[in-house]
Amino acid sequence: MAAVLDPDRYFDPDPAVRRVARELYDETRRLPIVSPHGHVDPRILARDEPFAEPAALIVQPDHYILRLLYAQGVPLEALGVPRRDGGGTPVETDPCKVWQRFADHYYLFRGTPTGAWLDYELYDVFGVRDRLSPETAPGIYDEIREKLGAPEFRPRALFERFGIEVLATTDPVSDSLEHHRAIRESGWTGRVIPCLRPDAVFRIASPEWPAALEALGREHGAPLIDYAEFLQALQDRRGFFKRMGATATDHAVLEPYTTWLPPNEVEVLYQRARQGDVTPADERRFMGHLLMEMARLSLEDGLVMQIHAGALRDHNRPLFQQFGPDRGGDIPVATEFTRNLRALLNAFGNDPRLTLVVFTLDESTYSRELAPLAGHYPAMRLGPPWWFHDSLEGMRRFRERTTETAGIYKTAGFNDDTRAFCSIPARHDLARRADANFLAGLVARHVIDTSDARRMARALAYELAKETYKL
Amino acid sequence: MAAVLDPDRYFDPDPAVRRVARELYDETRRLPIVSPHGHVDPRILARDEPFAEPAALIVQPDHYILRLLYAQGVPLEALGVPRRDGGGTPVETDPCKVWQRFADHYYLFRGTPTGAWLDYELYDVFGVRDRLSPETAPGIYDEIREKLGAPEFRPRALFERFGIEVLATTDPVSDSLEHHRAIRESGWTGRVIPCLRPDAVFRIASPEWPAALEALGREHGAPLIDYAEFLQALQDRRGFFKRMGATATDHAVLEPYTTWLPPNEVEVLYQRARQGDVTPADERRFMGHLLMEMARLSLEDGLVMQIHAGALRDHNRPLFQQFGPDRGGDIPVATEFTRNLRALLNAFGNDPRLTLVVFTLDESTYSRELAPLAGHYPAMRLGPPWWFHDSLEGMRRFRERTTETAGIYKTAGFNDDTRAFCSIPARHDLARRADANFLAGLVARHVIDTSDARRMARALAYELAKETYKL
Amino acid sequence: MAAVLDPDRYFDPDPAVRRVARELYDETRRLPIVSPHGHVDPRILARDEPFAEPAALIVQPDHYILRLLYAQGVPLEALGVPRRDGGGTPVETDPCKVWQRFADHYYLFRGTPTGAWLDYELYDVFGVRDRLSPETAPGIYDEIREKLGAPEFRPRALFERFGIEVLATTDPVSDSLEHHRAIRESGWTGRVIPCLRPDAVFRIASPEWPAALEALGREHGAPLIDYAEFLQALQDRRGFFKRMGATATDHAVLEPYTTWLPPNEVEVLYQRARQGDVTPADERRFMGHLLMEMARLSLEDGLVMQIHAGALRDHNRPLFQQFGPDRGGDIPVATEFTRNLRALLNAFGNDPRLTLVVFTLDESTYSRELAPLAGHYPAMRLGPPWWFHDSLEGMRRFRERTTETAGIYKTAGFNDDTRAFCSIPARHDLARRADANFLAGLVARHVIDTSDARRMARALAYELAKETYKL
């Protein structure tokens, strides 16, 4: 069966809405892509080598795909993912078989955003005109592999074809940013910038903390013997990232707790951490304090502060022990913002020099906490629907539950948040369609008029991301 | 005024959606009914006697109906429901007057699923062509009562007319299953199977626990002097239920807490329980441990494990004391799954031999916790929208909030969950219409195509329930 | 550009829905306005003096407007709002400039209910035919200011033009109700009634409590030396308010906790409060007990009891210290009703003499807790969507999540809840349109028929508010 991407896909079937949605989407579809938050490996663009083959490009690095296949009983080994300890069932080494297995289960993605992105990616990025199915899998595999060898499918060529104006990666605090440096020095004009993510050195109760701290000390060039030195190292890294093009930091927390600790308590905590003598409760307080410090430093250096709250990482411990992180075992928890962010917002939220972008996986907080907070504090913006909610229905719920209280002008535009480079245009396209459709619904109900909607569509597709992230 | 069941009822009015919804519903409307979870009294089908009269059949056993009438100020006594102590206002003994009172308040059910089911039941099951109203009540009463005397309105005849392929009841752990035995021995070929619900023997802090334990010991044929014997008795009952046709167990918990307790702690708890010396906190831990045991036993005997979490039973204590349980006083509470189910899912959730079906009354957990968990752990499935959410809007919310993360193939099909035997076809019909309409919306927005939708409609109406519950 | 209020605004664009929505709205649009809960200053109607000028009438008293402007970086001083301490940046004293600043940022309100209300108010109340924009601001300012001088724009004339049948204000427990008295004695027949709000004397841990208690004692005419006397004073004030026309009390609580305290504990708490020796935990218990007392007194005097739960007041402490309360810094928190209201509902919820109207800012409780509670307890009703949720989408969510479980007849009709007198008709109009549209959706899907819908529309627009609040 032939693959089709309907030009009206994702629009409301009502003719009055659809007509306006089409018109609004026509205003935004060709705007450049601004990608202020994501996880593309900068090495790809530094080296600009051809991508390997379809399974390694599309299936194996995408935890959205692995997750649903695993949930349906497909062992990770059968998808070519090895155990860390080398144990378990034999690992599939033939990428064609991995691709076939993926295609055999492609029906699982019906009605999911992953399915929508993949359809777009296959059709539009790789020009595949058959629908992926168990029967068509081998042919499509060959077709894509062949294309990947051509110059126009190299990473930088795709970057340009995708119309990316700027792409931010996410980088550990101690990263040397060598790939970013290589890109800048290569003479290529594509704008790829880092984003500072210092989580690893904030998690003082984690077994990985000593190594993370040591790495930071190494980059800093001095041992981090006390809290003041530790904080200085963080400040220096902020400066370094900023010089390398960064405009933002990012902080992943289970709970968005913020608090000022008295200086002596911070020092005691820090020293106890260095001796490996801290509890999760200590870590919570320490991180709550560090978020305050980060906001304070943002006033000075102007880096936008992002908080991604509410993912319980590596929920599936046996799987984590076998395969490591990012294998689909991160599960959201109920999240509280009103009380948790109060210290930070009271201290810095009235200061227009701060931009704080907040993300949640708990949709019940959209209308209850986040929109009221962003609709009041000048410094706060709402990040776009994140992760599981980066989807048609998720975007609809986000707009319906935040717009009436915070308006669209306190939201931060779209983030693709992806490590799957070739899915970037698919994700932005879906978001632009979803926003066009949302606005068209308002026009059709005479809540806003078409000229307003046109301006709002541009803001959502392009301007708000640039403005929020100072790009 | 004439009663009408519009052939397009519950479908979106948009012509593009409605056309597809109709087409999909036509694929599923005549499929057999698979009812893997419900509360029909098996005695009805064992005896196969004519139903009494309309009030006793339709009004008095349906706590959905009693609830709203009571909420509007109609005393339960006026509906023929006596107090346990015989006190209170005089009990209405004339079923015609009960029926009339119900009809007088029928307007309360406008826009509720109970109203939709009743309309269907009256029109389609009993062939009533007048709308129920204060004026038509007596005539409709007589019409139904007369029909109930006819052979084609006997329970087994209705079972066959309804097209029920299999009907599961819900039975206490110590039940002798005599009615199930009688059905099997009667030569009638209707498939009616039990489902094991051991809650009563799990609730060690309840005043009813000693009696429940004694009953279990009696069936077991030996005193349950220690935890090992208690567990053996549970295992034996599982075996007995399975031999009687059961494919599942069911567990109602306030909180879906799971944990392994050390063996000595379990034994101490069990002995303290036998001495009546336990607190609700003890019960919570004991139940958390027993859920682990149940999952473990499921790996061995293959019984599907259901968890219904989050109903605070008998919230209205005065009413409970006067009238007993199931009088409408069960109220949901916020429920946490991510942390509570972690122990169980870490221990058994990666094992495809387990099927765990989870139900919630807290819709905020659909997209936040349940879909991410089911979209990751191979053993977990999402139960259909339960109780208050078994409704048009409830089903829409369920699909909209779970499909994008977990797909439809990690959901468990439909449960009617009813004790109102004659409402079974109404409930399945409404679910099939709701699912057809949901899928039609995806087709109209080009998220899926019609051939996908057709397969998905069959899965939702029939196949997923059969497969999930191993029927 | 000309301002337009489309006659079909806020209706679904689907022709089948829109046709019915129009028809239902035509039934309700001209019904009198019943406003049982709001914050209009009774002085306005007692004095009946002309309103000052547009900025003071429309911008400065409306914290919905100030909130979004402030959130976008406009200092409150620039809107003419002075600091309490006289500090900060210079306060704008020219109302024309305040109006201009408001108009410059009018785009922020696109898609918000405030925008919808303002459009209606300008067009329909003040007859302005230009759209408000930076360019048209001065002309519109002059146009409104001129009109405000005319007799038909005096408060009482507007009250009559708006078709207000009854308007309830909200008044502190120690208020002398002098303005209400003045209205009654003026010979004007407009019905303006007070509503008793005793929160200030319930908050024993607040620094304002001693003054509030003293004021109560003054009105009571005797020192409130013990709890019995305090309670007697409350009871007397209830009687006084009732004689002045009140039919309801109102209670704002962070958490809707209810409990009976033993008499000696209450007395000890009360005495400790008088000595300034109480904690927030004490206050919580004291308020939980007082809510029980209020419900008990309602059985006797028949005053309807309202609970508004879940707003954390003055979240932004620096702003509160500078500008005082009601500057936009009230933020919702997650709220629990099932367990918190249990004591009160067990004690009084089965008694039809009590009417308890419950409001929430936590929409996750609509389907989980509030609709099940109101769908069971005869005394309980659901207040309309409150504050941030008093909006098109908010109303839709409320109806979709409560109707199936509680029906519409356990809801309390509409509250405008506003201090912006001239926005009253806009708010009722939007609510009537939203309800007409909701019902039209049910008709178009054949859930209810048109004759049912017509009766339900009248109930939602007019009858339920009158009946619930005994007006």
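The values are calculated or read from the model by the stated rules, or taken from the named source; none is laboratory data. Given the structure is predicted, the values throughout are model-derived calculations rather than measurements. Counting neighbours? That spans all protein chains shown, and the Cβs are built from the backbone with ideal geometry, glycine included.
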Subject >> Among the candidates A:Glu283, A:Glu336, residue that is within 14 Å of chain B (Cβ to nearest Cβ), among the acidic types (Asp, Glu), touching a residue at least 40 places away in the same chain (Cβ under 8 Å) and under 29 Å from A:Ser364 (Cβ atoms) >> reply: A:Glu336
**OP:** Identify, from the list B:Leu303, B:Leu312, B:Leu319, the residue that is closer than 30 Å to B:Gly80 by Cβ, touching a strand residue (DSSP E or B) at 6+ places or on another chain (Cβ under 6 Å) and not basic (Lys, Arg).
**Re:** B:Leu312
**OP:** Go through the stretch A:441-471 and count every residue that is surrounded by 20 or more Cβ atoms within 10 Å (Cβ to Cβ), within 14 Å of chain C (Cβ to nearest Cβ) and either in contact with a strand residue (DSSP E or B) (Cβ under 7 Å, 6 or more places away or on another chain) or among the hydroxyl-bearing types (Ser, Thr, Tyr) (or both).
**Re:** 2
Original post:
Does B:Thr402 satisfy being in contact (Cβ under 8 Å) with a residue 40 or more places away in the chain, in contact with a strand residue (DSSP E or B) (Cβ under 7 Å, 6 or more places away or on another chain), buried (at least 23 other Cβ atoms within 10 Å of the Cβ) and within 12 Å of chain A (Cβ to nearest Cβ)?
Top reply: no
**OP:** Go through the stretch B:322-347 and give me each residue that's among the polar types (S, T, N, Q) and either modelled with pLDDT under 95 or in a loop (DSSP other than H, G, I, E, B) (or both).
**Re:** B:Gln322, B:Thr335, B:Thr338, B:Asn340
**OP:** Can you work out which of the residues in the stretch B:307-323 that are out of contact with any Pro (no Cβ under 6 Å at 6 or more places or on another chain) and more than 15 Å from C:His376 (Cα to Cα) is surrounded by the fewest Cβ atoms within 10 Å (Cβ to Cβ)?
**Re:** B:Gln321
**OP:** Find the residue count for the stretch A:90-127, including only residues that are out of contact with any helix residue (DSSP H, G or I) (no Cβ under 6 Å at 6 or more places or on another chain), acidic (Asp, Glu) and more than 10 Å from chain B (Cβ to nearest Cβ).
**Re:** 3
**OP:** Output the number of the condition that A:Tyr107 fails; it satisfies all remaining conditions of (1) touching a residue at least 24 places away in the same chain (Cβ under 8 Å); (2) surrounded by 18 or more Cβ atoms within 10 Å (Cβ to Cβ).
**Re:** (1)
Subject >> Condition broken by A:Phe51, with the remaining ones in (1) within 24 Å of the chain's Cα centre (by Cα); (2) within 14 Å of another protein chain (Cβ to nearest Cβ) satisfied >> reply: (2)
Original post:
So is B:His39 under 18 Å from B:Ala420 (Cβ atoms), within 23 Å of the chain's Cα centre (by Cα), surrounded by fewer than 22 Cβ atoms within 10 Å (Cβ to Cβ) and away from chain C (no Cβ under 14 Å) or not?
Top reply: yes
**OP:** Looking only at the stretch C:234-249, count how many residues are more than 15 Å from C:Gly302 (Cβ to Cβ) and in a strand (DSSP E or B).
**Re:** 0
**OP:** Kindly establish whether B:Thr365 is within 14 Å of chain C (Cβ to nearest Cβ), out of contact with any strand residue (DSSP E or B) (no Cβ under 6 Å at 6 or more places or on another chain) and among the β-branched types (Val, Ile, Thr).
**Re:** yes
Subject >> Residue that is in a helix (DSSP H, G or I), at pLDDT 95 or above and not β-branched (Val, Ile, Thr), where the choices are C:Trp188, C:Trp117 >> reply: C:Trp117
Subject >> Residues that are closer than 21 Å to B:Lys470 by Cα and over 19 Å from the mean Cα position of the chain (by Cα), drawn from the stretch B:184-207 >> reply: B:Arg184, B:Thr189, B:Gly190
Original post:
If we keep just the residues of the stretch B:255-277 that are in a loop (DSSP other than H, G, I, E, B) and in contact (Cβ under 8 Å) with a residue 60 or more places away in the chain, which is surrounded by the most Cβ atoms within 10 Å (Cβ to Cβ)?
Top reply: B:Thr258
**OP:** Take the stretch C:371-388 and flag every residue that is closer than 21 Å to C:Met305 by Cβ, within 14 Å of chain A (Cβ to nearest Cβ) and in contact (Cβ under 8 Å) with a residue 24 or more places away in the chain.
**Re:** C:Trp386, C:Trp387
Original post:
Which residue, of A:Thr112, A:Thr136, is touching a strand residue (DSSP E or B) at 6+ places or on another chain (Cβ under 6 Å) and within 23 Å of A:Leu69 (Cβ to Cβ)?
Top reply: A:Thr136
Original post:
Can you find a residue in the stretch A:348-361 that is of a type outside the set (D, E, K, R), buried (at least 24 other Cβ atoms within 10 Å of the Cβ), at the interface with another protein chain (Cβ under 8 Å from one of its Cβ atoms) and not in a loop (DSSP other than H, G, I, E, B)?
Top reply: no
**OP:** Scan the stretch A:402-420 for residues that are over 22 Å from A:His251 (Cα atoms) and of a type outside the set (Val, Ile, Thr) and jot them down.
**Re:** A:Glu404, A:Ala406, A:Gly407, A:Tyr409
Subject >> Count of the stretch B:302-321 residues which are facing another protein chain (nearest Cβ under 8 Å) and part of a helix (DSSP H, G or I) >> reply: 3
Original post:
If A:Pro352 satisfies every condition in (1) at pLDDT below 95; (2) touching a Phe, Trp or Tyr at 6+ places or on another chain (Cβ under 6 Å); (3) not acidic (Asp, Glu) but one, which is the exception?
Top reply: (2)
Subject >> Test: residue in the stretch A:131-149 that is buried (at least 21 other Cβ atoms within 10 Å of the Cβ) and within 30 Å of A:Gly221 (Cα to Cα) >> reply: no
Original post:
Which condition does A:Ser174 not pass, out of (1) under 24 Å from A:Gly288 (Cα atoms); (2) touching a helix residue (DSSP H, G or I) at 6+ places or on another chain (Cβ under 7 Å); (3) not in a loop (DSSP other than H, G, I, E, B), if it passes all the others?
Top reply: (3)
**OP:** Among the residues of the stretch B:426-440, write down those that are within 11 Å of another protein chain (Cβ to nearest Cβ) and either crowded, with 24+ Cβ neighbours inside 10 Å or free of Cβ contacts under 8 Å to residues at least 60 places away in the same chain (or both).
**Re:** B:Arg433, B:Ala434, B:Asn437, B:Phe438, B:Leu439, B:Ala440
Subject >> Near pairs, Cβ below 8 angstrom, 6+ apart or cross-chain, from the stretch C:1-19 (within 7 Å of another protein chain (Cβ to nearest Cβ) and under 19 Å from C:Arg427 (Cβ atoms)) to any residue that is of a type in the set (Lys, Arg) and in a loop (DSSP other than H, G, I, E, B) >> reply: C:Arg9/A:Arg445; C:Tyr10/A:Arg445; C:Phe11/A:Arg445
Subject >> Lone qualifier among B:Arg458, B:Arg419, B:Arg432 - being modelled with pLDDT under 95, under 25 Å from B:Gly163 (Cα atoms) and charged (D, E, K, R) >> reply: B:Arg419
Original post:
Only one residue in C:Ala252, C:Ala182 is in a helix (DSSP H, G or I) and modelled with pLDDT of 95 or more. Which one?
Top reply: C:Ala182
